[in-house]
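**Student:** Below is one structure. I have some questions about it.
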Amino acid sequence: PILGWTLIWATVATFSCYILGLLLALLINRKGTRFKGFWRFMFVLSIAVPQFVSLLSMRTIFNTNGPVNVLLRTFGFLGATESIPFFTDATLAKLTIIFVNLWIGIPYTMLSTTGILQNIPGELYEAAKIDGANAFTIFRKITLPYMIFVMTPNLITSFTGNINNFNVIFLLSGGGPDTLEYYFAGKTDLLVTWLYRLTITQKDYSFGAVIGIMTFIVLAVVSLVTYRNTGSYKDEGAFQ
């Protein structure tokens with residue numbers, strides 16, 4: 001179950017940030033959008049603030065007696081003693097962690113895709129419009145292939161990074177809620193946070209070493225094989 005949740009987490013976190021960051025970059029960089037610098041500044045604020053500060057702030061906001069639950073009680077959406085178990089219910093804790101990670105990760109993707117979008121030759125768009133291509137066709141035939149070509153190595157590294165994303169899990173939920181179903185692991189623990197529990201808390205160094213070595217081997221092999229089969233590697237000079 002821990003491996004399954006780790007893979008689901010890494011996949012959802014990587015591709016959701018990529019897709020939403022791309023859409024946000026397209027929306028901000030289109031010709032009709034005003035105050036582009038202001039919108040970029042607003043979304044980059046989460047990068048300017050140290051990540052551990054943002055995560056601990058979010059943990060407080062979604063806590064049992066945090067601002068979100070207090071406001072819901074104040075406006076009558078919850079009873080006087082009720083609260084939404086953002087970090088004590090396993091399913092809701094996973095959804096909350098994914099949501100917070102999107103809030104932190106999307107600005108990075110937006111900045112990366114903004115730079116790539118501004119690097120696409122304008123002549124390609126002009127030629128496509130002269131040939132009668134509509135906005136959807138231009139996006140599908142020019143923008144999207146270019147973005148995928150350039151961003152594929154970044155997607156691979158992001159996926160690997162999310163599998164080893166210790167900060168988000170440890171600072172938000174601490175791996176909890178705890179359960180007796182797993183061997184010294186909580187419902188939201190990833191392999192890396194489980195490894196931390198095994199080595200630092202339980203002093204089970206042998207089992208922790210096996211998990212760490214196997215995780216490294218699998219990620220290294222998958223990353224290398226995937227990258228060598230992408231267009232970014234096989235046709236490096238295509239978009240130069």
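The values are calculated or read from the model by the stated rules, or taken from the named source; none is laboratory data. Bear in mind the structure is a predicted one, so any value in this text is a computation, not a measurement. A quick note on method: Cβ atoms are made from the backbone with ideal geometry, for glycine too, and the neighbour counts reach across all protein chains shown. Please note that ligands, DNA and RNA were not included when accessible areas were found on the heavy atoms of the full protein model with its side chains. Shrake-Rupley method; radii C 1.70, N 1.55, O 1.52, S 1.80 Å.
**Student:** Kindly provide the set of residues from the stretch 77-124 that are closer than 19 Å to residue 167 by Cβ, assigned to a helix (DSSP H, G or I) and open to solvent by less than 50 Å² (accessible area, probe 1.4 Å), ordered by number.
**Tutor:** Correct list: 93, 96, 97, 98, 100, 101, 102, 104, 105, 106, 107, 109.
**Student:** Follow-up question, since we're still on this one. Cβ contacts < 6 Å: first residue farther than 16 Å from residue 7 by Cα, restricted to the stretch 206-228; second residue open to solvent by 80 Å² or more (accessible area, probe 1.4 Å) and in a helix (DSSP H, G or I), any location; separation 6+ or different chain. Result?
**Tutor:** Once the first residue is farther than 16 Å from residue 7 by Cα and sits in the stretch 206-228, its partners that are open to solvent by 80 Å² or more (accessible area, probe 1.4 Å) and in a helix (DSSP H, G or I) give 227/233.
**Student:** Sticking with this structure for a sec: Among 184, 159, 136, which is without any contact (Cβ under 8 Å) to a residue 40 or more places away in the chain and under 30 Å from residue 202 (Cβ atoms)?
**Tutor:** 184 is the lone residue from the list that is without any contact (Cβ under 8 Å) to a residue 40 or more places away in the chain and under 30 Å from residue 202 (Cβ atoms).
**Student:** Of the numbered conditions (1) closer than 23 Å to residue 220 by Cα; (2) surrounded by fewer than 22 Cβ atoms within 10 Å (Cβ to Cβ); (3) among the aliphatic types (A, V, I, L, M), residue 180 satisfies every one except a single condition; which is it?
**Tutor:** It is condition (1) that residue 180 fails.
**Student:** Please go through the stretch 126-138 and give me each residue that is surrounded by fewer than 15 Cβ atoms within 10 Å (Cβ to Cβ) and assigned to a helix (DSSP H, G or I), ordered by number.
**Tutor:** Of everything in the stretch 126-138, those that are surrounded by fewer than 15 Cβ atoms within 10 Å (Cβ to Cβ) and assigned to a helix (DSSP H, G or I) turn out to be 126, 127, 129, 130, 135, 136, 137.
**Student:** Yes or no: residue 141 assigned to a loop (DSSP other than H, G, I, E, B) and either surrounded by 17 or more Cβ atoms within 10 Å (Cβ to Cβ) or out of contact with any Leu (no Cβ under 6 Å at 6 or more places or on another chain) (or both)?
**Tutor:** no
**Student:** Next question. Of all residues in the stretch 1-43, which are open to solvent by 40 Å² or more (accessible area, probe 1.4 Å) and under 18 Å from the mean Cα position of the chain (by Cα)?
**Tutor:** Matches in the stretch 1-43: 3, 7, 8, 11, 12, 15, 19, 20, 23, 43.
**Student:** Would you point out the residue of the stretch 182-210, among those that are outside any helix (DSSP H, G or I) and farther than 26 Å from residue 100 by Cα, that is nearest to the chain's Cα centre (by Cα)?
**Tutor:** 183
**Student:** Can you pull out the residues in the stretch 164-175 that are in a helix (DSSP H, G or I) and surrounded by fewer than 21 Cβ atoms within 10 Å (Cβ to Cβ)?
**Tutor:** Hits for the stretch 164-175 are 166, 167, 170, 171.
**Student:** Give the number of residues within the stretch 112-163 that are over 21 Å from the mean Cα position of the chain (by Cα) and β-branched (Val, Ile, Thr).
**Tutor:** The number of residues fulfilling the criteria is 6.
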